[in-house]
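What follows draws every value from the coordinates through simple rules; no lab data is involved. Bear in mind that the values here come from a model prediction, so they are computed numbers and not experimental data. Glycine gets a Cβ as well: all are built from the backbone with ideal geometry, and neighbour counts include every protein chain shown.
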Ligand code: ARG
């Protein structure tokens, strides 16, 4: 059931006992999975990239916390609207326990904090294969401040090889125990869909709502980068969704394809902003 989520989170559960233990499903052979994820053949140490600040990026990156714990990244699309991944909400459905934090670079900075009023996950989101891994949240009060910025939705389909920027507080090493204190960023090229499909077969079937990016063994997003944007010229074109390991030598990072999910996003924003 939660196999994909497990791949994303196993790195954390391997090293820290507390946070995500509840995500483990007894039907899964965790030991076997651990071998896949930790095996040196598939796994190298870091995601590459460098430390940055939210301001340098454009101020669009949001830190999403649940019961005060950092869970996922997000993108500010509008004063009241944040884009993220649907899987961030698995097992975390108490809306009032979510907090969106803007304008932070160091994860523990205070920033501009807003409570969440409502979340819409795609009705086609499937935990089994992470199909349609997209969610929109509406904040209780507008997120405003001079350190903040917004992104617009992707305008065009991008060719394989195009370099995009992914940023977040995710792990730089799967043996790490928690999110990074400092914000990091890396550029990753879009990967031909068939190439990526083939690399994931037969383990995972990539659906139409996904595309891949990264450099095998070198550059990738990782656990806790989820929900954050993959950016091309001030446009959000992807959402960090899943991967097996991080900067694996075999598996690319998988992102939700904004061009594909745009109708859902636009419709959800309309619905959320229509309510007062
Ligand atoms: N599912 C992960 C998370 O919850 C994101 C993993 C992205 N992994 C990757 N290798 N690109 O944070």
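The residue that is surrounded by the fewest Cβ atoms within 10 Å (Cβ to Cβ), counting only those in region 84-97 that are touching a residue at least 40 places away in the same chain (Cβ under 8 Å) and in a loop (DSSP other than H, G, I, E, B), is 91.
Quick one: how many residues across region 213-227 are near the ligand (Cβ under 6 Å from one of its atoms) and either out of contact with any helix residue (DSSP H, G or I) (no Cβ under 9 Å at 6 or more places or on another chain) or not in a loop (DSSP other than H, G, I, E, B) (or both)?
We begin by selecting, within region 213-227, every residue near the ligand (Cβ under 6 Å from one of its atoms); these are 220-226.
After this cut, where a residue has to be either out of contact with any helix residue (DSSP H, G or I) (no Cβ under 9 Å at 6 or more places or on another chain) or not in a loop (DSSP other than H, G, I, E, B) (or both) as well, the list is 220-221, 225.
Here the count works out to 3.
Of the numbered criteria (1) surrounded by 23 or more Cβ atoms within 10 Å (Cβ to Cβ); (2) more than 10 Å from the ligand (Cβ to nearest atom), the one residue 260 fails is (1).
Every residue, every condition in (1) part of a strand (DSSP E or B); (2) within 30 Å of residue 203 (Cβ to Cβ), yes or no:
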site: 99; (1), (2): yes, no
site: 107; (1), (2): no, no
site: 110; (1), (2): no, no
site: 117; (1), (2): yes, no
site: 123; (1), (2): no, yes
site: 133; (1), (2): no, yes
site: 136; (1), (2): yes, yes
site: 143; (1), (2): no, no
